[in-house]
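Below is one structure, written out as C-alpha cells; the observations come after it.
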Amino acid sequence: MPRTHQRTCSLCEAMCGIVVTVDDDEQVTSIRGDEDDPFSRGHVCPKAVALQDIHTDPDRLRHPVRRTPDGWEELGWEEALDLAAERLQAVQAEHGTASVGIYLGNPNAHNLGPQLFGSLLIRALRTPNRFSATSVDQLPHQFVQYHVLGHQLLFPVPDVERTDHFLVLGANPLQSNGSLMSAGGIKDRLRELRARGGRVVVVDPRRTATAEWADEHHPIRPGHDVLLLLAMVHVLVDEDLVAPGRLSAFTDGLDTIADLVADWSPERVADRIGWEAEEVRRVTRAFAAADSAVAYGRIGTSTQAFGAVSTWLLLVLNVLTGNLDRAGGAMFTTPAVDAVLPWRTGGPARWHSRVRSLPEFGGELPVAVLGEEMLTSGEGQIRGMVTMAGNPVLSTPNGRQLDDGFAGLDAHVAIDIHINETTRHADVILPPTTGLEVEHYDLTFNLLAVRNVADWSDPCFEVGDDRRTESDIIRGLARRLASDERPWDESDPLHVAPPSALVDAGLRDGPHDLTLDDLRAAPAGIDLGPLEPRLPDRLFTDDHRIHLAPDVLVDDLERVAAWFAAGDGDDASDGPGPLALIGRRHLRDNNSWLHNAERLVRGRPRCTVLVHPDDAASRDLTDGEDVRVWSRVGEVVLPVEVSDEVMVGVASIPHGYGHGRDGVELAVAARHAGVSINDLTDDRLVDELTGNAAFNGTPVHVEPAG
Ligand SMILES: Nc1nc2c(c(=O)[nH]1)N[C@H]1C(S)=C(S)[C@@H](COP(=O)(O)OP(=O)(O)OC[C@H]3O[C@@H](n4cnc5c(=O)[nH]c(N)nc54)[C@H](O)[C@@H]3O)O[C@H]1N2
Ligand SMILES: Nc1nc2c(c(=O)[nH]1)N[C@H]1C(S)=C(S)[C@@H](COP(=O)(O)OP(=O)(O)OC[C@H]3O[C@@H](n4cnc5c(=O)[nH]c(N)nc54)[C@H](O)[C@@H]3O)O[C@H]1N2
Ligand code: SF4
Ligand SMILES: [Mo]
C-alpha cells in the first residue's frame, strides 16, 4: 500500500505543508501542497518537488568520506568522527583554541538537529572564531532588535493578513517566498490584501516580480535607502503625522528622533536617491494615513553599508505611526516553543576580530573577515575549520579569497551532504540524513510566522544503521571534543535526549500548553490564531520600554552624514563609471545548493548580468553576448541581458552560481555552472556598525568580453 506523509517543506522560510506519497518500493511518487494545512492552505512552489530530488540525488553523500591522495575514500562513522575530532584537536593543541573556526550556513536554521544541538559543538570548540550566514543576511535586524527591544530575536513580523498598506523595501517575496516573514502562499495573502483594498508599495532598484505586481514601484539607487527613510521620518515630524498611540506609554527617544531628522528633508536628499521630493512626501503621507500599515525591509536594506541604520529607521516608521504591535502593523509572534530565551539576548561586543577588529555580536564575528583570518599569519590565525551546512566560498564576499583560505587549512571538517565549492577542500565530510529522512519542527521560522502555528513532521523514511542524523553527528563530535573546561555530561538532556523529547518539553513549557502528541494528532498542523499584541510584556530591555533612539544607532548617523557630504562621485571620468551591483533571487533557486536538481535548473540560463539599455549602449554591450564584469577583488565573464528591468547605473547577478570548479561533484549543477557574484563582492565593504556584508551597490565595471 502506498502511504502518505503530511509534513512541512524545509527548504525556505515559508513552512508550506506538503503531502508526500511513497509507494511500496519506498519511492516518492508525488509531493503536493497540503490543502488541509491551516497555514499554507495547499500552496507550494516549484521547489517542493526538489525534496524528492535531494532524496534520490546520486551525488548526495550518504557515508562519511575522507580525502586521500587518490581521491575521496569512504569510511565508517566511528572512524570518521574520531578522525574529524583528532584533526581539529591537533590544530588546537599546536596553535591554540582560536586556531579552529566554525561557519554555520543557512540550512541550519531549517534543521532541527543543529537548532537544538549546534551550540554543543560551538561550545566544545571554545573558539572566538565563530561565523554564520547571519552576517551576510539579517545581522542588522538582530543588532537593531537587541538595542531597541532588548532581544536580538524579537523580529517584528508584517501582519500581512490584516494590513491596509504594505511598504516593501528591498525584498522580493513573490520569488523568495518571504523572509523574516514566514507565510506559506505569500502571493495569495498579498492578493487578499489588495482585494481588501489594501496597497502594496515596493522600493527596489529592479522591477522585480513583486514590484511589477504591486500597486506602486519606486526604483531607488542601491544603498541609498537610508536617505529615503530619514526623509520619510522627517516628513512624519514635519507634517505632524507622528501618532505612536499606546506605544508612547512605553517608548523612550521619540523627541530625540524628531531632532535627528530635522535636517533630512526630502528636498535635501531627493537628487541623491533619484526621486522627486514630492514623491517622498506622497509615499510617507499614504503610509501614515492608512488605517494600518507596515514598513518591511529585507536583503535589499539589510546587506548594505547602512544596513543597521536602515533597518532601525524602518522600525522607527512603524513606531511613529503607531503600527508596531498592532493588528495590520509589525507584530510579534507567540510561538508554541519559545526560542526567545533570556540568555540569548545579544549584547555589546565581547570581542573583536583579530585582523580588522570587527565586532562580535550574539557570539559571532562577521564572516566578511573569515578570509583574512585564515590568510593573515600570526598568533590566532585560523588554521582549521568546521563548516556545517554552509557554502561560504559561493555565499560570502570575496569568495575567491576564501577558496584560497580553505585550500591552505591544516584541517577542515565539513558536515554537509555534497562535495561542493567549499567542502571539496575538506579533509573529512560527515553527511547527515536530510530532507524527507528527518523529523522536522521549525523552531526559528515559527518565530517569524504571520500566524501562530505549530506543526511536527516525522520522517518519511526509516534509514539504516549505516546513516547518522545531524543530531548524532553534532553530538558525536561535541562529545569527542569535550574538555575539562567543557565536559560531556550524560545527565544533561541536551547531550542525550532525542530531539522529539526536547520539542515536547518546549511545547509543554510554551504559551499554548501543547504536547508532541497533540501535534502528531494534527498532521496538517495546528492553527494558533492571528498574531496578538505582545508589548510591553515581551520587551527584554531592563526597563521594559522601547529604546527608540539608542546611542549606537544615533551615533552611526554621523557616518551617514559624512557619506552624504562626500557625494556619490561624478561620472565625468573618461569611460563609463562603475555600475552598482545588486543580487537577484529566482523562484527555482535556493542560495547555492539546489542546482543539482534537473527540474529546477532547466530552461533559459539564469546566471546572467542584467544591465539597463542606456548603460549597455555607452559600454557597447550586446544583449546575449558574454561580458567581463570586474571589481576590486575579481572578475567574471557571463552573458549580459539588456533590460530596463533594472534602473540606470545598476547591474544585477544572482548569487549561488559558480559551480564549474575542479573537484566539485555536482553533475547537474556543473552543466549549469554560471559564475559567482561573490567573486566580485568585496570583503572590505561592510556595514561598519555591525560588520554585516554590504553586498548591495558593490562598484563593478562591465565591458565586452572580447
Ligand atoms: N551576493 C550575495 N551573496 C549572498 C546573498 C545575496 O543576496 N547576495 N544572500 C546571502 C544569504 S541571505 C544567505 S542565507 C547565504 C547562504 O549562505 P550559505 O548558507 O553559506 O550557503 P547555502 O548555499 O545555503 O549552502 C548550504 C549548504 O548546506 C548544505 N546542506 C543542504 N542541506 C543540508 C542538510 O540538511 N544538512 C547539512 N549539514 N548540510 C546541508 C548544502 O550542500 C550547502 O553546502 O548566502 C548569502 N550570500
Ligand atoms: N527562490 C528563492 N527563495 C529564497 C532564497 C533563494 O535563494 N531563492 N533564499 C532565501 C533566503 S536565505 C533569504 S535571506 C530570503 C531573501 O528574501 P528577499 O530579501 O525577499 O529576497 P531578494 O530577492 O534577495 O530581495 C532583495 C531585493 O532587494 C533589492 N535590492 C538590492 N539592493 C537594494 C537596495 O540598496 N535598496 C533596496 N530598496 N532594494 C535593493 C533587490 O533588487 C531584490 O529585489 O529568500 C529566501 N528564499
Ligand atoms: S515556498 Fe518554500 S516552503 Fe513552500 S514549497 Fe516552496 S520551498 Fe517549500
Ligand atoms: Mo538568507
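Readers should treat all values here as calculations from the given coordinates under stated rules, not as data from a laboratory. Just so it is clear, the structure is predicted and the values come from calculations on it, not from any experiment. Using ideal geometry, Cβ is built from the backbone for each residue, glycine included, and neighbour counts are taken over all protein chains shown.
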**Computed P(r) (all Cα pairs; the stretch 353-484; 10 Å bins; percent)** = 11, 31, 33, 20, 5, 0
**Asked** Which values, in whole Å and largest first, are the semi-axes of the equivalent ellipsoid of the stretch 78-217 obtained as the square root of 5 times each eigenvalue of the Cα gyration tensor?
**Response** 42, 16, 14
**Request:** Pull out the extension gain between S248 and E485, defined as 0.36 nm times the separation in residues minus the alpha carbon to alpha carbon distance; nm, one decimal.
**Result:** 80.6 nm
**Asked** Between the DSSP loop rule and a limit of at most 15 other Cβ atoms within 10 Å, which chymotrypsin sites (Phe, Trp or Tyr not before Pro) in the stretch 339-419 are left?
**Response** W351
**Prompt:** Radius of gyration and Dmax for the chain's Cα atoms, expressed in Å?
**Reply:** 24.5, 73
**Prompt:** Cα-based Rg (one decimal) and Dmax (whole number) for the stretch 564-613, in Å?
**Reply:** 17.3, 50
**Item:** Label-reachable residues, the stretch 626-662, where backbone N falls under 14 Å from a point 7 Å from A670's Cα toward its Cβ
**Value:** 659-662
**Dimensionless Rg/Rh of the stretch 113-166 - Kirkwood Rh, Rg from C-alpha atoms** = 1.12
**Message:** From the gyration tensor of the Cα coordinates in the stretch 473-567, what semi-axes in whole Å does the equivalent ellipsoid have, largest first, with each one equal to sqrt(5λ)?
**Reply:** 40, 27, 15
**Prompt:** In the stretch 418-443, which residues have a backbone nitrogen under 17 Å from the label point lying 7 Å from D662's Cα in the Cα-to-Cβ direction?
**Reply:** 420-427
**Request:** May I ask for the longest run of the chain untouched by GluC sites (Glu not before Pro) that are loop-located per DSSP and have at most 14 neighbouring C-beta atoms (other than their own) within 10 Å?
**Result:** 36-238
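At 222 nm, what value in deg cm²/dmol follows for the chain if DSSP H runs of at least 4 each add -39500 (n - 2.57) and the sum is divided by all its residues, to the nearest 500? Mind dumping the intermediate values first?
On the way: 24 runs with 212 residues, N = 706.
Result for the chain: -8500 deg cm²/dmol, rounded to the nearest 500.
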**Complete:** Ordered by number, the trypsin sites (Lys or Arg not before Pro) in the stretch 162-249 that occupy a DSSP loop and have at most 12 other Cβ atoms within 10 Å are R196
**Prompt:** What is the gain in length, in nm to one decimal, between S618 and R285 on full extension, counting 0.36 nm per residue of separation less the C-alpha to C-alpha distance?
**Reply:** 116.1 nm
**Prompt:** Long-range amide H contacts for M385: which residues qualify at under 5 Å (H placed 1.01 Å from N, peptide plane, sequence gap of 5 or more or a different chain)?
**Reply:** G101, A411, H412, V413
**Fill in**
The ³J(HN,Hα) series, computed from each phi in the stretch 5-15 with the Karplus coefficients 6.51, -1.76 and 1.60 at θ = phi - 60°, rounded to the nearest Hz and given as x for glycine or proline, is 10, 9, 8, 9, 5, 9, 7, 9, 7, 6, 6
**Message:** Rounded to the nearest 20 debye, what is the charge dipole size of the chain about its Cα centre when +1 sits on each Lys and Arg Cβ and -1 on each Asp and Glu Cβ?
**Reply:** 420 debye
**Prompt:** How large is ³J(HN,Hα), in whole Hz, for each residue of the stretch 182-196 in order, when computed from phi with the Karplus curve 6.51 cos²θ - 1.76 cosθ + 1.60 and θ = phi - 60°, using x for Gly and Pro?
**Reply:** 6, 7, x, x, 4, 4, 4, 5, 6, 4, 5, 4, 6, 4, 6
**Potential lengthening between T97 and T29 on full extension [0.36 nm per residue; Cα-Cα distance subtracted]** = 19.6 nm
**Complete:** Measuring from its Cα centre, the stretch 195-268 shows a charge dipole (+1 at each Lys and Arg Cβ, -1 at each Asp and Glu Cβ) which, in debye to the nearest 20, is 440 debye
